[in-house]
1. Mean separation of Cα pairs under 8 Å and 6+ residues apart, divided by the residue count of the chain: what relative contact order is that in percent?
2. Can you tell me the equivalent ellipsoid semi-axes for the stretch 104-204? Use √(5λ) from the Cα gyration tensor, largest first, whole Å.
3. Please give the calculated 222 nm ellipticity per residue for the chain, where each DSSP H segment of at least 4 residues contributes -39500 (n - 2.57) and the sum is spread over every residue; nearest 500 deg cm²/dmol?
4. Give me the Kirkwood hydrodynamic radius of the stretch 143-257, using the inverse of the mean 1/r over all pairs of distinct Cα atoms, in Å to one decimal.
5. Of 37, 92, how do they rank once you tally other Cβ atoms within 10 Å and put the fewest first?
6. Quick one: 167, 253, 297, 20, fewest Cβ neighbours within 10 Å first, how do they rank?
7. Going by C-beta contacts inside 10 Å, put 234, 19, 138 in order with the fewest on the left.
8. Report D for the chain in µm² per second (integer): Stokes-Einstein, Kirkwood Rh on Cα pairs, 37 °C, 0.692 mPa s.
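Every number in this text was worked out from the coordinates using simple rules, so none of it is lab data. Since this is a predicted model, take the numbers as computed values, not measurements. Every residue, glycine among them, receives a Cβ derived from its backbone with ideal geometry; neighbour counts consider all protein chains shown.
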């Protein structure tokens with residue numbers, strides 16, 4: 001397959017690109033769509049200016065769209081929130097509209113979303129699958145607009161992987177937690193009862209490949225491990241794997257003071273999302289148990 005990918009330098013995109021190029025049944029050709037001057041094996045675009053060469057996109061078999069500004073890096077000012085939303089909607093609209101006008105369209109557009117679609121609500125016991133309605137916080141509204149922007153890709157199978165927190169020691173949430181936890185300063189956030197949806201990087205990549213290659217998947221698909229845990233459960237499991245205590249709390253008031261709306265939504269919110277469509281489709285998770293997964297990731 002010839003695969004076009006945005007967000008290829010990110011945590012998920014970099015691993016997915018390597019996986020596709022080394023896929024054992026047939027090494028695939030991956031072309032990265034980048035905002036800078038392109039190198040060999042890359043194409044350039046500028047979503048802010050609406051610049052994308054349609055002719056260069058002819059003949060790809062699949063497109064994977066992962067680009068978007070990181071939501072967890074600091075407080076959400078009005079300007080930052082605008083950038084977060086536009087980094088998703090502008091690029092998605094431009095890409096979807098351009099693909100729909102091609103003579104040789106790709107068979108599939110895998111356009112990323114997040115379990116934040118459902119909002120920060122519910123308990124660990126309350127399973128939320130793809131049939132649940134959208135939430136009403138900032139991230140939920142962004143996800144709704146993000147997915148809606150892909151509707152322009154008429155005539156193409158569109159899949160929205162709603163990604164959970166992707167665990168990898170190489171980046172993302174887990175990498176940021178390792179230093180305080182290894183110092184014995186980790187623990188529950190805001191009481192720790194909020195759901196913590198998670199998936200390992202390997203399972204996320206395997207699921208994305210399944211969504212690319214299996215045409216029975218269309219629309220939203222939760223990419224999240226089947227085991228539902230609380231944030232406190234996660235903290236204790238990480239502490240055990242690292243052999244360190246994990247009881248230093250970060251109180252709710254401190255989270256709000258330090259991080260504002262971002263902290264309330266990302267750190268104190270959570271959703272007990274379940275991978276109903278992946279499981280119904282016969283997808284097998286390689287890392288279904290949190291503590292075992294953390295041990296594998298950290299080689300503990």
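1. Details: 600 pairs, mean separation 57.6, N = 300.
Rounded, it is 19 percent for the chain.
2. Values: eigenvalues 183, 67, 24 Å².
One finds semi-axes of 30, 18, 11 Å for the stretch 104-204.
3. -11000 deg cm²/dmol
4. On the way: mean 1/r = 0.0620 Å⁻¹.
Computed over the stretch 143-257, the radius equals 16.1 Å.
5. Values: 37 7, 92 28.
The fewest-first ordering by Cβ neighbours comes to 37, 92.
6. Working: 167 26, 253 9, 297 18, 20 22.
Fewest-to-most Cβ neighbours within 10 Å comes out as 253, 297, 20, 167.
7. Details: 234 26, 19 17, 138 20.
Least crowded to most crowded, the residues run 19, 138, 234.
8. Working: Rh = 19.7 Å.
For the chosen part, D equals 166 µm²/s.
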